[in-house]
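What follows is calculated from the coordinates using simple rules that are stated; it is not laboratory data. These figures come from a predicted structure and were not determined experimentally. Here the Cβ is made from the backbone with ideal geometry for all residues, glycine too, and neighbour counts use every protein chain on show.
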């Protein structure tokens, strides 16, 4: 099996584990952890799809031959994943801050025990 296939399969496994964590857990912190695991799986899938075996990194300098464009990996998936990591970190921090406020207001982290829709 090639590295692309293994990374893609691992990404889908992480995606499914995270989705399972979000759907089956009622503790808000465990749901946030499931979201983070799912986010990591999506990043792994995007990077593994963008990788092409035998190609080189898209770093250009003066010593690059003329056919370099045909031998480089597409940099867009890597750039998208870097952006998604930063956005995912911000979303996770926001979710954790909401979880702390929810716990202080309701006294529980279980989403089924919370009866009010507004704080």
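The set of residues in the stretch 70-110 that are out of contact with any helix residue (DSSP H, G or I) (no Cβ under 6 Å at 6 or more places or on another chain), in contact (Cβ under 8 Å) with a residue 24 or more places away in the chain and outside any helix (DSSP H, G or I) contains only 110. Considering only residues that are exposed (fewer than 14 other Cβ atoms within 10 Å of the Cβ) and outside any loop (DSSP other than H, G, I, E, B), which ones fall in the stretch 34-63? Of everything in the stretch 34-63, just one residue is exposed (fewer than 14 other Cβ atoms within 10 Å of the Cβ) and outside any loop (DSSP other than H, G, I, E, B), namely 56.
Per the conditions (1) touching a helix residue (DSSP H, G or I) at 6+ places or on another chain (Cβ under 6 Å); (2) assigned to a helix (DSSP H, G or I); (3) without any contact (Cβ under 8 Å) to a residue 60 or more places away in the chain, the sole criterion not satisfied by residue 31 is (3).
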